[in-house]
Amino acid sequence: MLTVARIDAGLTVDQVSSTTRIRVPIVHAVEQDDFSRCGGDFYARGHVRLLAKAVGADADELVARYDAAHGGAPADRRPTPLMDPTPIKVNDHRRPNWTTPMVVAIVAVVALIGFNLVGGGSGQPAAGTASSPLADAPGPAAASPSAQPPAPAPSLAPIAAAPADKVTVKLVAEKATSWVSAKDGKNRTIFSNNLESGQDQTFTDGKQISLVIGNAGAVHVYVNGKDLGPAGADGQVVHVTYTPGDPQAG
């Protein structure tokens, strides 16, 4: 049906691919009822809907036909309530008054501090006496082990910052699979495949890196050493381009 509609509309596969941003091999495969290259039912439905709109076919009808041939649409899920709607029973008993115990505790602490300040001078040996000779006092260079400065925390940057004349983009699939296409500054495809959960890919170019991310919520983006967070929302298809000056916001 997609093939007939495309031909009736006077469009070539390359034109449909350019309009929908779906690669030519996948357009051919979908027209031949081969959905193995789509990356799953979710993406297959999206491809069918985009292709149908591009060639003037009924998108809803074609998606319904796809669901009928591949086990039906995913079942609706009712949202789980975040709060128990049962009214909270209020205890009519008088709440305990914590003011008095708090005041007593504060007075006790102040009294203890005052006692230590007043009595501490007479209870400690004076400097230079036999019990604490000045000769035994450590010099200023002798530092207590507890006074050592803490070790610097390890760097959490996933990649080092790229040179100023290059752009470096790292994609990490953190929680799900996403189809990713990457092109360099000469518009050459340098990656086009699924990025499975737990996998990552790094791209570097002197001019720009252009990306198409099929499931933006599953992909974490790092550009020139900066953490930009998820590429978008779950299931969202995102088209982005990064240059050596990104991120522009610093």
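Structure notes:
- Given (1) in a helix (DSSP H, G or I); (2) open to solvent by 40 Å² or more (accessible area, probe 1.4 Å); (3) touching a helix residue (DSSP H, G or I) at 6+ places or on another chain (Cβ under 9 Å), number of the condition Ala64 does not satisfy: (3)
- Any hit, the stretch 101-113, residues being in contact with a Gly (Cβ under 9 Å, 6 or more places away or on another chain), modelled with pLDDT under 90 and either under 24 Å from Val237 (Cβ atoms) or in a helix (DSSP H, G or I) (or both): no
- For Gly217, the test of being assigned to a helix (DSSP H, G or I) and open to solvent by less than 20 Å² (accessible area, probe 1.4 Å) is passed.
- Arg6 among the charged types (D, E, K, R) and crowded, with 20+ Cβ neighbours inside 10 Å: yes
- Pair list, Cβ under 9 Å, 6 or more apart: the stretch 24-50 residue farther than 18 Å from Val4 by Cα and among the charged types (D, E, K, R), other residue assigned to a helix (DSSP H, G or I) and open to solvent by less than 30 Å² (accessible area, probe 1.4 Å): Arg37/Ile26; Arg37/Ala29; Arg37/Val30; Asp41/Tyr66; Asp41/Asp67; Arg45/Val63; Arg45/Tyr66; Arg45/Asp67
- The sole residue among Gln32, Gln15 that is at pLDDT 90 or above, surrounded by 14 or more Cβ atoms within 10 Å (Cβ to Cβ) and not small (Gly, Ala, Ser) is Gln15.
- Among the residues of the stretch 18-29, the one identified as open to solvent by less than 50 Å² (accessible area, probe 1.4 Å) and not in a helix (DSSP H, G or I) is Ile22.
- Scanning the stretch 170-186 for residues that are within 16 Å of the chain's Cα centre (by Cα) and over 14 Å from Ala216 (Cβ atoms) turns up just one, Lys170.
- Residue that is least open to solvent (accessible area, probe 1.4 Å) [pool: residues in the stretch 196-210 that are within 8 Å of Asp184 (Cα to Cα) and not in a strand (DSSP E or B)]: Gln208
- Any hit, the stretch 68-83, residues being among the basic types (Lys, Arg), modelled with pLDDT under 60 and surrounded by fewer than 10 Cβ atoms within 10 Å (Cβ to Cβ): yes
- For Gly217, the conditions (1) touching an Asp or Glu at 6+ places or on another chain (Cβ under 6 Å); (2) at pLDDT 95 or above are fulfilled apart from (2).
- Only one entry of Asp227, Asp234 meets the criterion of being under 12 Å from the mean Cα position of the chain (by Cα), open to solvent by 10 Å² or more (accessible area, probe 1.4 Å) and closer than 20 Å to Cys38 by Cα, and that entry is Asp234.
- Close pairs (9 angstrom Cβ cut-off, 6 or more residues apart or separate chains): farther than 14 Å from Tyr222 by Cα and without any contact (Cβ under 8 Å) to a residue 24 or more places away in the chain in the stretch 193-205, of a type in the set (Ser, Thr, Tyr) and part of a strand (DSSP E or B) anywhere: Asn193/Ser181; Glu196/Ser178
- Candidates in the stretch 41-61 are the residues that are open to solvent by 40 Å² or more (accessible area, probe 1.4 Å) and outside any helix (DSSP H, G or I); of these, the one that is nearest to Thr177 (Cα to Cα) is Asp58.
- Where a residue in the stretch 1-16 is in contact (Cβ under 8 Å) with a residue 12 or more places away in the chain and more than 13 Å from Lys53 (Cα to Cα) and its partner, wherever it lies, is open to solvent by 60 Å² or more (accessible area, probe 1.4 Å) and assigned to a helix (DSSP H, G or I), with Cβ under 8 Å and at least six apart: Val13/His28
The values are calculated or read from the model by the stated rules, or taken from the named source; none is laboratory data. Everything numeric in this text was worked out from a predicted model, so none of it was measured. Quick reminder, even Gly has a Cβ in these numbers, built from the backbone with ideal geometry, and neighbours come from all protein chains shown. Ligands, DNA and RNA are stripped out before the accessible areas are found, and what is left, the full protein with its side chains, is counted by its heavy atoms. Shrake-Rupley method; radii C 1.70, N 1.55, O 1.52, S 1.80 Å.
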